[in-house]
Each structure stands twice: as C-alpha cells, then as structure tokens.
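Single-structure report; data block below.
The values are calculated or read from the model by the stated rules, or taken from the named source; none is laboratory data. These numbers come from a predicted model, not from an experiment. Every residue, glycine among them, receives a Cβ derived from its backbone with ideal geometry; neighbour counts consider all protein chains shown. The area values use the complete protein model at the heavy-atom level, side chains included, leaving out ligands, DNA and RNA. Shrake-Rupley method; radii C 1.70, N 1.55, O 1.52, S 1.80 Å.
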Amino acid sequence: MPRLWALCLLLASAKALPTNQLNKSCRLRAADTSTEPTCSTDINLRHIQLLEQYMLPELDACQDFYKYACGNWRSVHEAGVSAMSLSGARIDQRYVELFERLLDEPQAPEHELPMYSKLLRYYQSCRALGKPRLRRYLEQLPHTANNHWAELLALLGRYGYHEHYVKIEVSQHNATQHMLVVQPHNYNLSLNLSMIIYKALRRHTHGLLPNLTQLRERFGQLEATLQQMARPANSSSEEETLRNYTLEQLQQELPQFNWTHALQLQLGATYPGSHQLLVDDVPALRHLIAFLNRADARLLQLYSWARFLQHLMQLPHNPLSNSHSSSRSICVQHMRKTLYLPMNFVYEHSYYGRQRAADERVIFGVFEELKTQFAQQLRRNEFGLEAPLLQALLAKVHGLRLNLGNMPANASTEFYVDCEQHWRVGGDFYENHLQSLLHYYAHLAELERSANASMRQLWYSFNHHGPGLTDNIDATPYFYCLGSIIIMPYAYVQLPFYDAQFWPALLYGDLANTLGHEMLHAFDTYFVDYDAQGVMRDYSDQLLLNDHYVDAVNCLNDSEVFMLNERAADISGTRLALQTYMQQPAERRNNGRLYFLQFAQFFCGEEADIFHDTGSKRLNYALAQMPEFAEVFQCAQGSPMNPVQRCRFW
Ligand SMILES: [Zn+2]
C-alpha cells in the first residue's frame, strides 16, 4: 500500500513539473573536473523530486506563491527549521564525525597536519565539561602589578572584552586597514549579577564580598553614574564626535590616563606617539577617567570581573550557557565561533577541498555574468545620476569581491603553521577558551599595526570572524561593506541550494538570486554609502537629491516593510538574476517554473530575524514585482502575484 501511494505521488508530481523540455546544458565540461562526470541527470532529477516534496501544487501560485512552493515544508520539517539551518547543522555533523573518527584513529594521517591535533584536544576538553565553574576563568587571568582599574581593563581587553569604563578596541576600518578605536563606557549594556556569577566572585575573593543584594545595589549605583557620564547630552550621531588623534595628542587631551601603558598592556606593543587612533567623545572620556580615578578601586575590580564573566557566558555558543554543555554538536558550534580559522582549515582540508575547483569555475562564472549585467543596467542610468557618481557606483560593481567558503584563497601551508604557532591549548576548557580568545585578539592587534603589505593582503582577502559574531549574520551568504566582499560560506555551497552539476534553472534559481541579493546590498539604502574599498563616502547625500531615486525608495517603503535595505536587495537582486538568466524566450517558457521553485527553497521555513521579514513575505513580495513571474505562471492582472502597480529600484 505505501508503495502504491508513493507511485501516485510521483505521477502527480510529474504532472506538476514537466522535465522533458528542460534545458539540461551543463556549465562544467568533462575537462573541468577529474573525478566527477559533467552534470549528472540523477542529481538534478533527485533534486527536482525534493522540490516537489515541499510543494502544494493544487494551490494557485498566483494567489500565494510561498504556499504553492513551500506549503508542505512544515509537514516534512519541524518548527524553526529552514533549508539554511539544515545546511548549517549538516556542517556541524561533519565536524563531529571527523573528530570522533580521529579520536578513534590515533594513527590517522590528519594528526600530522597543522591545526588538527590542537583542535582535537580542545574538543576533548569541551566534551569533558561538567558543571560550570566560572571562577576558573578568573583564575586564569594574569595578575596586575597594582589594583588599578585601567590595568585590569587592559588585561580583559586582551581577551576581546572592552565594553565598560573606557573602551579600547581594534576594529576593521575599510578593505585594507584596521584601526584602534577609543570610546566611552557602553551605556547600552548593563550587568545582570546572576547567582552563578556572584558565586564565582565569592569563591575567587575567598568570601570577602558583600551579600548578593548589597553587591547588586552597589553595582547598580556605579553603573547609573557611568551611564550618565557616557550618554551624550544631545542625541548627536557617532560621526559627529568620532575624530582622529595621534597617541601623543590623546595623551595631552586626557593626561589622567596612561595611554601608552594601557595600549602596551592590552595589545602587547609599544606604540609611537604618532600612531593614529579614532577617539569618540573626548569630554565624556575626561569625566569618566576623573571619576574612575577617584572611585573605590575594589568595587571597580569586582565590577570588571563580573562584567567579564557575563560577557564570556553571553558569547555565542558558549557551552557553559547550555544545559547539555558537553554535547558534541554544541562543542563543535562553540569551536566554529571561537576558532574560526583552525576550524575552517580542517573543513577545507577534509571536505570542501575536493569540490573547490569545480565550484570556483561555476560560481565565479555566474558572479561575473551578474556583474556585467548590473554594470549595463547602471550605465543605462535610469535615475539620471551625475557622471562622477555613476562612475563611483560602477567602480563599486567592478571592485566587488567574492569569497568562496570561509578561508583566504591561496594561502600556503606556512600561513597556517604560522597562525597555529602562538595558539595554546592546555589543561581544561576554561583555559582553552581564554587562550583561543587571546589568540584571535592578539592577531587582530598585530593586523592593525603591521606594515607587511603582502601578509596583510591575505588577511583582507576574506572575513576573519570574531568569536562574538551572531549566527544570523554569518550562517548564510552575506555582504560585508567594509571589505566590499560577499562571503559565501561552506553551509551554502551544497544541496539544496547549489551543486556544480545543476542544470541552468536550478543553478540560477538560487545561486544567481543569492549572489544578486548580496551584490545589491552594496547598492542598498544603507551600504551604498561605502566605496569599492569600503571607505564611507556618503553617496546617499547625492542620491537623495535625485527625485527618481527618492520615488523608487518611497515605493519600496510601504507601511509593512521591516528592513528597507533588505527589501531593496531582494527586489533589485531578483531582477538582476532574472535578467541574467532569462535571456532566451524559450528558457522563460520551458524552465521558468522550475527556476522560481528553486528560488523559493531558500525561503521555505525561514522565520523573521533582526534583519529579515519572514520567508513567505520576502518571497511573495519580490516575485510579485517581477512581470516575468506572472507571465510564467499566467497570473491574471490584479491577482496578488501580478499587481497592477509595481516598484523598481536599481
Ligand atoms: Zn540581505
């Protein structure tokens, strides 16, 4: 009985998606790949069956395309699951299998390669975690010469923590430069003195501590004072108060703080007086420093420790914040955050390396087609922009870069050996976690002050994620404005989104749309302001003087829009992908349905997050703006997917 039923389903679905007229041409030639044949019919047909599994083909695509394409998603996958989250989980699973296998096979050749053995020791220390013992973090901190707030603060800064009192951090400035940034206490964050943090402090101070209520009260008063001093009097924006200073100038402006010493302690080098820094709100810093120099040194120390512990616990995927702390996949997720380069090195070596060459041919090919198409579109100059602005935008198109996977391209083994050298792995999880943070932030500091151009170039060729980056930014492809680069992570370059052997409708259906969306972020309502080198140029000051541009933005900006720049990238990216793909009328007629169904996969089950609307809203809005969609599905004028009024952007 089940078999018969399955046959009926297959027959029904064959009716939904005829494949006899599909364009089965293949971008890969046999010569391109030594191991794989050119586009396998099997891979493509199996994928089409998967798409059919999620459809409700009896519904009207012109009413609600999301329901038509993804209506059955929830009966296959549980709540909270999207194609992208499944894809990320598959990567985690591969790491778990790899580490477990290598632990069982001490003679495996991988143990001789860089990174592997340290990662395995880290993984074991995470798997061995029992109940949280937060004071272990505090025990690892180096001792300060005296109990001065600024010294402890600089020490915590080594581990990348810098949110309270006076913030000193290294951050990326543009596509080729990091800078030292000094800012007042972050008044948006506060301490929640939990019982677990209080207990760690009590043990660390051998019980010499006020009770929980009293300590909360004293921290509360301290915090209120700091926030009041740090908050700007008028709500002026950051740009107005951020200024360039040399270290020498800063020392003259704020003599009550030994800047050279603090930088030396936090960043591990002596900086010359001519070193450039970005400094925000000097008057607020002056008040804060004067206050801190007078305040109760012991209280300041306790507050720093408590904030540091809270910060560590709040880092994405700290296994201590999870009740199943030592589970394999939680350890892997944690390690992917805190050991970005070593973990990706291993993934490239054990998994992705085999398919890289074929992927680069296919994906960079589509990327170049999209860039050419978009440059043509810009040259038509439908908004009627002034020539210099148009030239600057064209330079952005040409300057856009794409990073396939999460690693620098063409890095030598020495690069990784060198990178591994200063990374220590020791006795337990707490030590290892702190050492991994030290390793990352020491490297960042070195990048800021290094003059070695060829070394720097490699580091700026990809985006080295910090341990604090949240998942909804780095789990899917994204555009990084400061680097003018699109990151296409490992999680994306696999089924169901992509396969080098996909036929054109499947290949462009997701890949061209995803690349188009990310490319168009460089021209969305926020990121258009940065030039091809990631330098802020405020191009929108000129764009907003152009009536056609303003009308186009206003058209997108209806009462329902969640994030305007996401909608802009959706609309223009979808249009760009369509223009690139559907050049031929026959392509549109015969393969259009499959192209749009493949496009829908990315959105099936996607819930809203801090940046995005729900998948259903994004998909339906974007496709309703495309007349080609209505043509392919023969939607009546005025039906939801074929509205009378449409918006265009770029
Ligand atoms: Zn986006």
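Given LEU597, LEU564, which one is in contact with a Leu (Cβ under 6 Å, 6 or more places away or on another chain) and of a type in the set (A, V, I, L, M)? Before the answer, list the steps.
Details: LEU564 fails: in contact with a Leu (Cβ under 6 Å, 6 or more places away or on another chain).
Within the list LEU597, LEU564, the selection yields LEU597.
Give all pairs with beta carbons closer than 6 Å in which a residue from the range 558-571 that is within 21 Å of PHE599 (Cβ to Cβ) meets a residue that is within 9 Å of the ligand (Cβ to nearest atom) and modelled with pLDDT of 90 or more; count only pairs at least 6 apart in sequence or on separate chains.
Every condition considered, the pairs that remain are ASN565/ASP524; ALA568/ASP524; ALA569/HIS517; ALA569/LEU520; ALA569/HIS521; ALA569/ASP524.
Being modelled with pLDDT under 90, surrounded by fewer than 22 Cβ atoms within 10 Å (Cβ to Cβ) and within 26 Å of ASP609 (Cα to Cα) narrows it down to one residue among ASN565, ASN557; which is it?
Testing whether each residue is modelled with pLDDT under 90, surrounded by fewer than 22 Cβ atoms within 10 Å (Cβ to Cβ) and within 26 Å of ASP609 (Cα to Cα) leaves just ASN557.
Can you name every residue in the range 516-538 that is out of contact with any strand residue (DSSP E or B) (no Cβ under 8 Å at 6 or more places or on another chain), touching a residue at least 12 places away in the same chain (Cβ under 8 Å) and away from the ligand (no atom under 16 Å from the Cβ)? Please lay out each step first, then the result.
Let us first name the residues in the range 516-538 that are out of contact with any strand residue (DSSP E or B) (no Cβ under 8 Å at 6 or more places or on another chain), namely 516-517, 520, 523-526, 528, 531-532, 538.
Applying the additional criterion that residues be touching a residue at least 12 places away in the same chain (Cβ under 8 Å) yields 516-517, 520, 523-526, 528, 531-532.
Of everything in the range 516-538, those that are out of contact with any strand residue (DSSP E or B) (no Cβ under 8 Å at 6 or more places or on another chain), touching a residue at least 12 places away in the same chain (Cβ under 8 Å) and away from the ligand (no atom under 16 Å from the Cβ) turn out to be ASP531, ALA532.
What tally of residues in the range 52-84 results from selecting those that are under 27 Å from the mean Cα position of the chain (by Cα), hydrophobic (A, V, I, L, M, F, W, C), open to solvent by less than 50 Å² (accessible area, probe 1.4 Å) and more than 18 Å from ALA622 (Cα to Cα)?
Going residue by residue through the range 52-84, those that are under 27 Å from the mean Cα position of the chain (by Cα) are 66, 70, 73-74, 77-84.
Applying the additional criterion that residues be hydrophobic (A, V, I, L, M, F, W, C) yields 70, 73, 79, 81, 83-84.
Imposing the further condition that a residue be open to solvent by less than 50 Å² (accessible area, probe 1.4 Å) reduces the set to 70, 73, 81, 83-84.
Going one step further and asking which of them are more than 18 Å from ALA622 (Cα to Cα), we end up with 73, 81, 83-84.
Adding up the residues that qualify gives 4.
Could you check the range 79-132 and list, in sequence order, the residues that are in contact with a Gly (Cβ under 6 Å, 6 or more places away or on another chain) and of a type outside the set (A, V, I, L, M, F, W, C)? It would help to see each step written out before you state the result.
Going residue by residue through the range 79-132, those that are in contact with a Gly (Cβ under 6 Å, 6 or more places away or on another chain) are 81-82.
Correct list: SER82 only.
Can you find a residue in the range 186-207 that is at positive phi, assigned to a loop (DSSP other than H, G, I, E, B) and either more than 33 Å from the chain's Cα centre (by Cα) or buried (at least 18 other Cβ atoms within 10 Å of the Cβ) (or both)? Before the answer, list the steps.
Applying the first criterion (at positive phi) to the range 186-207 yields 206-207.
Of the ones still in play, those that are also assigned to a loop (DSSP other than H, G, I, E, B) are 206-207.
Pick out the ones that are also either more than 33 Å from the chain's Cα centre (by Cα) or buried (at least 18 other Cβ atoms within 10 Å of the Cβ) (or both) and you get 206-207.
Checking the range 186-207: at least one residue is at positive phi, assigned to a loop (DSSP other than H, G, I, E, B) and either more than 33 Å from the chain's Cα centre (by Cα) or buried (at least 18 other Cβ atoms within 10 Å of the Cβ) (or both).
Which condition from (1) within 19 Å of GLN377 (Cβ to Cβ); (2) within 16 Å of the ligand (Cβ to nearest atom); (3) of a type outside the set (S, T, N, Q); (4) modelled with pLDDT under 95 is the one that LEU576 breaks?
(4)
For PRO255, state whether it is open to solvent by 40 Å² or more (accessible area, probe 1.4 Å) and not in a helix (DSSP H, G or I).
Numbers: open to solvent by 40 Å² or more (accessible area, probe 1.4 Å): yes; not in a helix (DSSP H, G or I): yes.
It is true that PRO255 is open to solvent by 40 Å² or more (accessible area, probe 1.4 Å) and not in a helix (DSSP H, G or I).
Return the pair list, or none, for Cβ contacts closer than 6 Å from residues in the range 56-69 that are in a loop (DSSP other than H, G, I, E, B) to residues that are acidic (Asp, Glu) and surrounded by 23 or more Cβ atoms within 10 Å (Cβ to Cβ), at least 6 apart or on different chains.
Filtered contacts from the range 56-69: no entries.
Of all residues in the range 539-549, which are part of a helix (DSSP H, G or I), open to solvent by 80 Å² or more (accessible area, probe 1.4 Å), under 17 Å from TYR526 (Cβ atoms) and free of Cβ contacts under 8 Å to residues at least 60 places away in the same chain? Spell out how you get there, then give the answer.
Within the range 539-549, the subset part of a helix (DSSP H, G or I) is 539-543, 547-549.
Filter once more, keeping what is open to solvent by 80 Å² or more (accessible area, probe 1.4 Å): 541-542, 547-548.
Applying the additional criterion that residues be under 17 Å from TYR526 (Cβ atoms) yields 541-542.
Selection gives ASP541 alone.
Out of contact with any strand residue (DSSP E or B) (no Cβ under 6 Å at 6 or more places or on another chain) and within 20 Å of VAL553 (Cα to Cα): which single residue out of GLU386, GLU348, GLU368 fits that description? Spell out how you get there, then give the answer.
Details: GLU348 fails: within 20 Å of VAL553 (Cα to Cα); GLU368 fails: within 20 Å of VAL553 (Cα to Cα).
Exactly one residue qualifies, and that residue is GLU386.
Can you work out which of the residues in the range 550-573 that are of a type in the set (Asp, Glu) and assigned to a helix (DSSP H, G or I) is farthest from the ligand (Cβ to nearest atom)? Can you show your working first?
Narrowing the range 550-573 to residues of a type in the set (Asp, Glu): 551, 558, 560, 566, 570.
Adding the requirement that they be assigned to a helix (DSSP H, G or I) leaves 551, 566, 570.
Values: ASP551: 23, GLU566: 5, ASP570: 7 Å.
Looking at the filtered set, the residue picked out is ASP551.
Based on this model, can you work out whether LYS371 counts as in a helix (DSSP H, G or I), more than 25 Å from HIS439 (Cα to Cα) and touching a helix residue (DSSP H, G or I) at 6+ places or on another chain (Cβ under 7 Å)?
Values: in a helix (DSSP H, G or I): yes; more than 25 Å from HIS439 (Cα to Cα): yes; touching a helix residue (DSSP H, G or I) at 6+ places or on another chain (Cβ under 7 Å): yes.
Against the criterion (in a helix (DSSP H, G or I), more than 25 Å from HIS439 (Cα to Cα) and touching a helix residue (DSSP H, G or I) at 6+ places or on another chain (Cβ under 7 Å)), LYS371 qualifies.
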